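Report on the structure given below.
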Amino acid sequence: MLYLAANHENVKGKRNGVYLAPLDGALNKLVVRSSAQAQCAAGNLLYYANGGLLAQPFNMSIGSFEHDPVTIAEGIQMDARTRSGLARPSRQHGRRTRPARRLRRFGNQP
């Protein structure tokens, strides 16, 4: 299972991150440093880093990344209370494309 372990008072804490653990709790492995939740979808780990939503091929069975991450959305702000991302309105070709909305799961793009 994947889970977020984060200090709510220190969002840049050294141990904040997404961890992988078997259901028996035998080993907790840091997968990626992050202060927000992550989601696994279609063989990718979707996670928040540096104001962006990243997708990176991830092998759950061995708990490792297979390739470099790709940024799929920028300008994401984190809601510190819920540890989820907030999408902001984007402009494309001078017009607003979509309204802001909360990203409850990182699999939902703005």
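The values are calculated or read from the model by the stated rules, or taken from the named source; none is laboratory data. All values derive from a computational prediction rather than experimental measurement. No Cβ is skipped: glycine too gets one built from the backbone with ideal geometry, and neighbour counts run over all protein chains shown.
The single residue among Val11, Val31 that is modelled with pLDDT under 85 and of a type in the set (Val, Ile, Thr) turns out to be Val11. Scan Ser61, Ser35 and give me the residue that is assigned to a loop (DSSP other than H, G, I, E, B), without any contact (Cβ under 8 Å) to a residue 24 or more places away in the chain and hydroxyl-bearing (Ser, Thr, Tyr). Going through Ser61, Ser35 in turn, just one is assigned to a loop (DSSP other than H, G, I, E, B), without any contact (Cβ under 8 Å) to a residue 24 or more places away in the chain and hydroxyl-bearing (Ser, Thr, Tyr): Ser61. Of all residues in region 44-69, those being at pLDDT 90 or above, exposed (fewer than 12 other Cβ atoms within 10 Å of the Cβ) and not charged (D, E, K, R) number 2. Beta carbons closer than 9 Å, at least 6 apart along the sequence or on distinct chains, pair a first residue in region 38-54 that is closer than 15 Å to Thr71 by Cβ with a second that is of a type in the set (D, E, K, R) and not in a strand (DSSP E or B) for Leu46/Arg105; Tyr48/Arg83; Ala49/Arg33.
Scanning region 12-37 for residues being exposed (fewer than 14 other Cβ atoms within 10 Å of the Cβ) and either small (Gly, Ala, Ser) or touching a helix residue (DSSP H, G or I) at 6+ places or on another chain (Cβ under 6 Å) (or both) gives a total of 2.
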